[in-house]
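One structure below.
The values are calculated or read from the model by the stated rules, or taken from the named source; none is laboratory data. None of the values given here were measured: they were computed from a predicted structure. Cβ atoms come from the backbone with ideal geometry, glycine included; neighbour counts cover every protein chain shown. The area values use the complete protein model at the heavy-atom level, side chains included, leaving out ligands, DNA and RNA. Shrake-Rupley method; radii C 1.70, N 1.55, O 1.52, S 1.80 Å.
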Amino acid sequence: MAPIGDGPDYDLVVIGGGSGGLAAAKEAASLGAKVAVLDYVTPTPKGTRWGLGGTCVNVGCIPKKLMHQAALLGDAIEDSQSYGWQFSNPENIKHDWGILRQAVQNHVKSVNWVTRVELRDKKVDYINGLGLFKDAHTVQTTTKQGERTITSKYFLIAVGGRPRYPNIPGATEYGITSDDVFSLEDSPGKTLVIGAGYIGLECAGFLRGLGYDATVMVRSVVLRGFDQQMAGLISAAMEERGVKFLRKCVPKSIEKAIDGKLLVKWTSENGQEFGDTFDTVLFAIGRRALTREMQVEKAGVQVAGDGEKIDAVNEQTNVPHIYAVGDVLYKKPELTPVAIHAGRLLARRLFGNSTVQMDYENVATTVFSPLEYGCVGISEEVALQRYGEDNVEIYHAYYKPTEFFIPQRSIAHCYIKVIAKRGGDQKVLGMHFIGPQAGEVIQGFAAAMKCNLTMNALMSTVGIHPTIAEEFTRINVTKRSGKDPNPASCCS
Amino acid sequence: MYFKLTSKYINTQIRNYVRNLSLSSHLNRLITIKSNDEFLNKVMNSENPVIVNFHAEWCEPCHILTPKMMELVQHHDSIDLAVVDVEHHAELVHTFEVKAVPAVIAVKNGVVVDKFIGLVNSDMIENLINKLDKKNT
């Protein structure tokens, strides 16, 4: 299609039409670059596939938040009775998985469509094919129209990742992952979630909230990489809600039981063997970057120590004209807003004469477990390791959300923690919040931390009452003092 | 009593017959667009004014609007209703700058004379239809 010998086909070819790739593509196009986006979804072992938009839109953030909301609404219906709402048959309120699934998928499809329309409007070429590097300057792909080779001045690797399957019998034949759960035809039923990172906890959380029997199998720790005290509170909160935890257990095999259900066998810490049947087994044991599938080695791009992610410097790989953004990056937060922001800044540097680099520090995030956990900055473990116990002050408090009293919701795990440098104005290093609407609560504090928030400033901020976010302005008990972090009462 | 029943019965039968008549003739004027050529022929080059309804399967408001449009257009003999599935007609979507569904455009003599986006109330739809009809006379 391109005139022969006239230079590369495009200024920028983006491989991967997800959060990072699309953000970079649209920004580059708006700055006048000729851009193409390749996006392709290899079906899951179950056969699930989805449209343009990447993980977040199709099998991540968006459907997750919708299902989390569905589960929370179930709680709200129950709580509403103590607030005076009357139902004819309150014991018989149940949930229809099919209706939720359809609603979620309809929304996802609408986002797929808007994404495609946006690309067309911004004159970005969308190619629905798996992009492979042929050499450092050429990508080849096969679409419905046939094979194509594409040359470009710059390439952006934004292929993201996919869930891992363990190497045990029956894993791929009988197990599903987060790639499948949001479009499951049949209701999931009694589910075993293997993996206790945020994906595993969030899935088990909303499944339980919708009324299903949910169990989480944990190999070692819950929410590895997160503040472990907060992780402990989150799993305790989930247990209180009926999610079962199989701690320090490793799955051994999955097979079909005589009644058609799935028989899972596992070993516990002391080597004892156990088994149980489930309707669904969901693996959430981690995700792998898709660099192997795109043959990065043919372009000379090096991968990091783990063998698959890319250790880029300012999003540039070891090959100067090949860049990378998003989940595929080594030791960078795997979050949609991070990919989008980094992608946009990169496009501005490549085509807009900008010199602004992405700041990966103090990125706020939230785990959408039934009782949510939001945080920004470092964990207590990292703070102690980096600065030493003597140089760190940890403020903490349990609190009681006003709305929880009437329906008598458990407040046992409503807890906040602020980690600050000791001495002087006490610069805030990390803020951690467990409670409802954690994401909404923490977002503003992320901006405060960007402005080098100090305990001085935080404590002189007047709170909004009655809210749960105001607890951050009331915090005053330190771990060092040994005083009771439980609240006496409200308004004092 | 018997006399009243009979005439009531006959009236009902007549009413049903007439309703079915207009329904079937309306169904003839409901065009499901399958190609760009069809759009050109039956919408842009149509002698009748045409209301083009951009529709998507995954769009809940579309499932409410499309039947409502069919119902309201029924009373206007000269107006046709064309339905375009946005998933299968990317070019039409682009040409008419459809950014959201449901979207409705009114075409007369090959020119777009009116447009609305989203699920609107019956009054707005009636206005659009009447505008088309008025220009006819």
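Worth a mention:
- Remark: the Cα gyration tensor places region A:300-352 in the oblate category, a/c being 1.5 or greater and a/b not exceeding b/c.
- Within 10 Å of the Cβ of each residue in B:73-81, the mean number of Cβ atoms contributed by other protein chains is 0.
- R0 of 22 Å, Cβ-Cβ distance A:GLN69-A:ASP279: FRET efficiency to nearest 0.05: 0.40
- For q = 0.15, 0.16 Å⁻¹, Debye-computed log10 I/I(0) when each Cα of region A:1-140 counts as one equal scatterer: -0.83, -0.90
- Using the Cβ-Cβ distance between A:GLU293 and A:HIS465 with R0 set to 51 Å, the FRET efficiency from 1/(1 + (r/R0)^6) comes to roughly 0.45.
- Percent RCO, i.e. relative contact order, over region A:38-181, from Cα pairs under 8 Å lying at least 6 residues apart: 31
- Built from the Cα atoms of region A:220-294, the convex hull projects on average onto 7.7 nm², one quarter of its surface area.
- Taking every C-alpha pair closer than 8 Å and separated by at least 6 residues, the mean separation divided by the residue count of chain A gives a relative contact order of 15 percent.
- Over chain A, dividing the summed -39,500 (n - 2.57) contributions of all DSSP H runs of at least 4 residues by the number of residues returns a 222 nm mean residue ellipticity of -9000 deg cm²/dmol.
- Whole-number accessible area per residue in Å² for the protein assembly as shown, which is evaluated in the context of all protein chains at 1.4 Å: 50
- Around A:CYS249: net Lys/Arg minus Asp/Glu count, Cβ-Cβ under 10 Å: +3
- Cα shape, region A:114-158, gyration tensor, a/c 1.5 rule: oblate
- Of all aspartates and glutamates in the structure, those lying under 12 Å Cα to Cα from A:LYS46, and not within fewer than 8 positions of it along the same chain, are A:GLU173, A:ASP179, A:ASP180, A:GLU185.
- Remark on region A:85-131: accessible area falls by at least 20 square angstrom from chain-alone to full-complex state for A:ASN106, A:LYS109, A:SER110, A:TRP113, A:ARG116, A:VAL117, A:ARG120, A:ASP121, probe 1.4 angstrom.
- Evaluated over the Cα positions of region A:306-450, the convex hull gives a direction-averaged projected area, one quarter of its surface, of 11.8 nm².
- Net charge of neighbours whose Cβ lies under 10 Å from the Cβ of A:MET217, counting Lys and Arg as +1 and Asp and Glu as -1: +4
- Cβ-defined net charge surrounding A:LEU184, 12 Å radius [Lys, Arg +1; Asp, Glu -1]: -3
- Along each principal axis, taking the top coordinate minus the bottom one, the Cα set of region A:407-492 gives 41, 30, 20 Å in descending order.
- Under the Karplus curve 6.51 cos²θ - 1.76 cosθ + 1.60, θ = phi - 60°, whole-Hz ³J(HN,Hα) for region A:103-118, x wherever Gly or Pro sits: 4, 5, 5, 4, 5, 4, 5, 5, 5, 3, 5, 4, 4, 5, 4, 4
- Projected onto planes of every orientation and averaged, the convex hull of the alpha-carbon atoms in the protein assembly as shown covers 40.5 nm².
- The charge dipole of region A:230-274, taken about its Cα centre with unit charges on the Cβ atoms of Lys, Arg (+1), Asp and Glu (-1) only, comes to about 80 debye.
- Percent carbon-and-sulfur accessible area, chain A, ignoring ligands, DNA and RNA, probe 1.4 Å: 51
- Dipole-positive endmost among A:VAL338, A:TYR373, A:ALA284 within region A:284-387 (Cβ charges, Cα centre): A:VAL338
- When only the Cβ of Lys, Arg, Asp and Glu is charged (+1, +1, -1, -1), the dipole of chain A relative to its Cα centre reaches about 620 debye.
- Three-way shape label, region B:55-137, alpha-carbon gyration tensor, a/c 1.5: oblate
- Amide hydrogen neighbours beyond the local backbone of A:VAL392, cut-off 5 Å, H modeled: A:ARG422
- Taking the C-alpha atoms only, the angle from helix A:19-30 to the longest principal axis of chain A is near 50 degrees.
- Accessible area buried, both sides summed, chains A and B with 1.4 Å probe, Å²: 900
- When the pairs A:LYS64/A:LYS134; A:LYS64/A:LYS332; A:LYS122/A:LYS450; A:LYS144/A:LYS190; A:LYS190/A:LYS332 are compared against a 29 Å limit on Cα-Cα distance, A:LYS64/A:LYS134; A:LYS122/A:LYS450; A:LYS144/A:LYS190; A:LYS190/A:LYS332 fall above it.
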